[in-house]
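Enquirer: Attaching a single structure in structure tokens format; questions to follow.
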Amino acid sequence: MDSVNPSKAGFALVTACILFTIIVYTMEKIGVPRSYGIGLSAFFALGLWAVAAFSGGTTRARRFLLADGSVNPAIAATALGCAVTLPVLFSDGGLLAAANPGLLVCLAGAVSSGLALSALLVSRRFNAAGQSDLGEYLFRRYQSRLPGRLMAPAMALALVLLMLPAIAAATRLASWYFASSPLATSVAIAALVALSAILGGLYSATRLGAVAFVVLLISVNLALLLLVLDTGGFPVGQLSVGSNAVEPMWDLEDQLRSLGIARLAGVLGGAAGFQALGADVHIAAGITLILGLIAFPPALHLYASCAEPQRAGRVAARGMAASAFFTLSFFAFLMFAGFGFYQTMLGLPVSEARVEAPVLYSWSHHQPPLITVCGKAVVTPDGLMEACNGGGSHIVDTGDLSIAGGLFAVAAPDLNGQPLAITALLATSFLLVLIAIAGFQALAAANTITGAFYATKKKATGSRRVFWNRLLATLLVALATYAGSGAPDGYEPLLLGFSLIAATALPALLVSLYLPAFGKVAVSSAIGAGFAVTLLFFILSTVGIDLIAGNGDEIAVSLFGLTGPLPGSLGGLYGLTAAIAVLATTWLAANLGPLSKIGPKIAPKIARGIAPEIAPEIAEGRREA
């Protein structure tokens, strides 16, 4: 992959995005129906996906599993930024910016902190080990199949849980934007995710992740620039967001609250849920994300693909920087979009809204309707005149409006009066990133399973392992698509997935890298304990011992002084504690021997640490005994 020149590829990608935006903008200005611009978005997205995925297709095992061990650090870092974007990008389509901006900042900080720790603790050492996944790595490290085979189902479940919100969000977005059937859209998204994982393995997934993330950065920053220019502020929105968006928006919302007028958080649908919990629970969620990202399997896969440990370290550091830049840009974009929405809609007579705010009726034939006016989905400009009592003289306020919360981010340009071309580019980038994220997770899950159960066999071959990887990745994507269709809250599987990684992969990886005194029994016991405690806590706190939700037998346990009970999806904090306790117990048992001999063995050590001057006397007494 070093043959790919990142500068030339990036220039070509930027040029393609600019040309696409200009074409869709021109089509809108000359009166071409919006549906043609939306259709062109589908071809543009499929074209970018095909260029990245099919150009990286391969049957060679080393290229499939490790991208030939020569991935370009810039491309790998960009792909890593894409792989860890989900907790921020998924944020209910921007709902957090209005409902709980503090939680959005917490999630963004957790992603950057987790990658920073992964760069320091894991990247170079895991690359030096020479394996592509945790399953095979644990087998080679301990010369035993047990640790890897305990790890494989835990990672498979964790990564399937992380696929659920990505695939579900991509399906909802594509179904709404293209006005297509949810079932057909779900099948199409699943097919694209599976092909992203199986066509070329890591070789093609890395290319797709890099392409998707670059398009995402272009679209978010272009939309941000236009929003900033509308406010007349300093054109670098990342630097001026506080003074030009956050402060004036909060002042305006204080006035709206005093007047009894609904704020943006009340206008966006789906404001209840995880974001409504206390700040202490959100901090616990951030800690769980940090711990899970240290040993995030897709990140480990990318580290392993680098030619040398130093390159793996650079990939992790650059990936952290790329992710931090995106989260800052995304936060600024959402805050400017929220403030601009108030400026566009408040005090606007319905008669003027027909011209000034066509977004009120232009998306009503899509399902769900992007926005309703006075409880009605308006289809035509004339229908807008009849939607509210008072007709054309009615003054629009936020209480008259309801916006599909999960669509706020992608539709923010339209809600602020920007051209359809910006919305089209945003929708394309969101879809590509969600597909790439789910493809990374499917590939990492399949790779961990085959690494633990197939690569450990004496007669294992690379071509055969590629076959099993492809089959398993396809099955896991199908499972995640089916399970995600009824997922009520995307944050629950997201956080539970990271909890499982934090409780199993993190202790096993760090112990194997830094504490060689621990053997296969200790590591295997820690993996099993972390996995079991995390799942048990989740089950008991969500459905109770009778496995029936709402019966009143669910447990409610606080952690570290939380004001409320810890959600079941954050049980990884207890699972990690259990894994550490098991490791400590096995170390004590191995080093101190039977309980009857603990006193004589440990007394001299205690004496040397507490009172060195009496250590010889204690040692002499032990010898006499």
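Enquirer: Taking the conditions exactly as written (open to solvent by less than 40 Å² (accessible area, probe 1.4 Å), part of a helix (DSSP H, G or I) and in contact with a Leu (Cβ under 7 Å, 6 or more places away or on another chain)), does Ala337 satisfy them or not?
Expert: yes
Enquirer: Okay, moving on. So, in segment 69-99, of the ones that are touching a Lys or Arg at 6+ places or on another chain (Cβ under 9 Å) and closer than 30 Å to Ala404 by Cβ, which residue ends up modelled with the lowest pLDDT?
Expert: Gly93
Enquirer: Any residue in segment 464-474 that is assigned to a helix (DSSP H, G or I), open to solvent by 10 Å² or more (accessible area, probe 1.4 Å) and assigned by TED's automatic domain parsing to the domain that holds Ile23?
Expert: No, that holds for no residue.
Enquirer: Residue by residue through segment 362-380, note down the ones that are in contact with a Cys (Cβ under 7 Å, 6 or more places away or on another chain) and closer than 17 Å to Leu264 by Cβ.
Expert: Val373 - this is the single residue of segment 362-380 that is in contact with a Cys (Cβ under 7 Å, 6 or more places away or on another chain) and closer than 17 Å to Leu264 by Cβ.
Enquirer: Based on this model, can you work out whether Ser181 counts as open to solvent by 10 Å² or more (accessible area, probe 1.4 Å) and hydroxyl-bearing (Ser, Thr, Tyr)?
Expert: Yes: the conditions hold for Ser181.
Enquirer: So Val355 passes all but one of these: (1) farther than 30 Å from Arg207 by Cα; (2) surrounded by 18 or more Cβ atoms within 10 Å (Cβ to Cβ). Which condition number does it fail?
Expert: Unmet for Val355, out of (1) farther than 30 Å from Arg207 by Cα; (2) surrounded by 18 or more Cβ atoms within 10 Å (Cβ to Cβ): (2).
Enquirer: Further question: Is it the case that segment 397-407 has a residue that's under 17 Å from Ile38 (Cβ atoms), in a helix (DSSP H, G or I) and not β-branched (Val, Ile, Thr)?
Expert: The answer is yes, given that some residue of segment 397-407 is under 17 Å from Ile38 (Cβ atoms), in a helix (DSSP H, G or I) and not β-branched (Val, Ile, Thr).
Yes/no matrix, rows are residues, columns are (1) under 26 Å from the mean Cα position of the chain (by Cα); (2) over 24 Å from Leu495 (Cβ atoms):
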position: Ala223; (1), (2): yes, yes
position: Gln238; (1), (2): yes, yes
position: Ser243; (1), (2): no, yes
position: Leu256; (1), (2): no, yes
position: Ala284; (1), (2): yes, no
position: Leu289; (1), (2): yes, no
position: Leu302; (1), (2): yes, no
position: Glu308; (1), (2): no, yes
position: Gly319; (1), (2): yes, no
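Enquirer: If you don't mind, another one. Could you run through segment 125-149 and say how many residues are surrounded by 22 or more Cβ atoms within 10 Å (Cβ to Cβ) and assigned to a helix (DSSP H, G or I)?
Expert: So the count comes out to 10.
Enquirer: Ok, one more. Against the conditions (1) out of contact with any Cys (no Cβ under 9 Å at 6 or more places or on another chain); (2) under 24 Å from Val215 (Cα atoms), where does Gln310 fall short? Just the number, please.
Expert: (2)
Enquirer: Could I ask something else about it? Looking at (1) surrounded by 22 or more Cβ atoms within 10 Å (Cβ to Cβ); (2) farther than 22 Å from Pro298 by Cβ; (3) of a type in the set (Ser, Thr, Tyr), which one does Thr461 not meet, given that it meets all the others?
Expert: (1)
Enquirer: Filter segment 38-59 for residues that are outside any helix (DSSP H, G or I) and at pLDDT 85 or above and give the result.
Expert: None; the set is empty.
Enquirer: In segment 373-388, how many are in contact with a Leu (Cβ under 7 Å, 6 or more places away or on another chain) and either open to solvent by 50 Å² or more (accessible area, probe 1.4 Å) or outside any loop (DSSP other than H, G, I, E, B) (or both)?
Expert: Going through segment 373-388 one residue at a time, the tally reaches 2.
Enquirer: Could you tell me whether segment 52-59 includes any residue that is free of Cβ contacts under 8 Å to residues at least 24 places away in the same chain and open to solvent by less than 90 Å² (accessible area, probe 1.4 Å)?
Expert: There is no residue in segment 52-59 that is free of Cβ contacts under 8 Å to residues at least 24 places away in the same chain and open to solvent by less than 90 Å² (accessible area, probe 1.4 Å).
A quick yes/no check of all residues on (1) in contact with a Ser or Thr (Cβ under 8 Å, 6 or more places away or on another chain); (2) touching a residue at least 12 places away in the same chain (Cβ under 8 Å); (3) outside the structural domain of Val71 (by TED's automatic domain parsing); (4) surrounded by 13 or more Cβ atoms within 10 Å (Cβ to Cβ):
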| site | (1), (2), (3), (4) |
| --- | --- |
| Val14 | no, yes, no, yes |
| Val32 | no, no, no, yes |
| Tyr36 | no, no, no, no |
| Phe44 | yes, yes, no, yes |
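Enquirer: Still on this structure, please answer the following. When residues of segment 283-323 are filtered for being aliphatic (A, V, I, L, M) and more than 30 Å from Ala156 (Cβ to Cβ), how many remain?
Expert: Total meeting the criteria: 1.
Enquirer: Conditions: (1) over 28 Å from the mean Cα position of the chain (by Cα); (2) open to solvent by 60 Å² or more (accessible area, probe 1.4 Å); (3) not β-branched (Val, Ile, Thr). Met27 meets all but one. Number of the miss?
Expert: Here Met27 meets the rest and fails (2).
Enquirer: Let me ask another. From the list Ala168, Ala210, Ala190, Ala158, which residue is in a helix (DSSP H, G or I), within 18 Å of the chain's Cα centre (by Cα), more than 21 Å from Ala61 (Cβ to Cβ) and at pLDDT below 90?
Expert: Only one candidate passes the filter, namely Ala168.
Enquirer: So how many residues does segment 307-326 have that are open to solvent by less than 20 Å² (accessible area, probe 1.4 Å) and either within 12 Å of Val122 (Cβ to Cβ) or at pLDDT below 90 (or both)?
Expert: Result for segment 307-326: 4.
The values are calculated or read from the model by the stated rules, or taken from the named source; none is laboratory data. This is a predicted model, so every value here is computed, not measured. So basically every Cβ, Gly included, is an ideal-geometry build from the backbone, and we count neighbours across all protein chains shown. When the accessible area is computed, the model is the full protein with side chains, heavy atoms only, and any ligands, DNA or RNA have been set aside. Shrake-Rupley method; radii C 1.70, N 1.55, O 1.52, S 1.80 Å.
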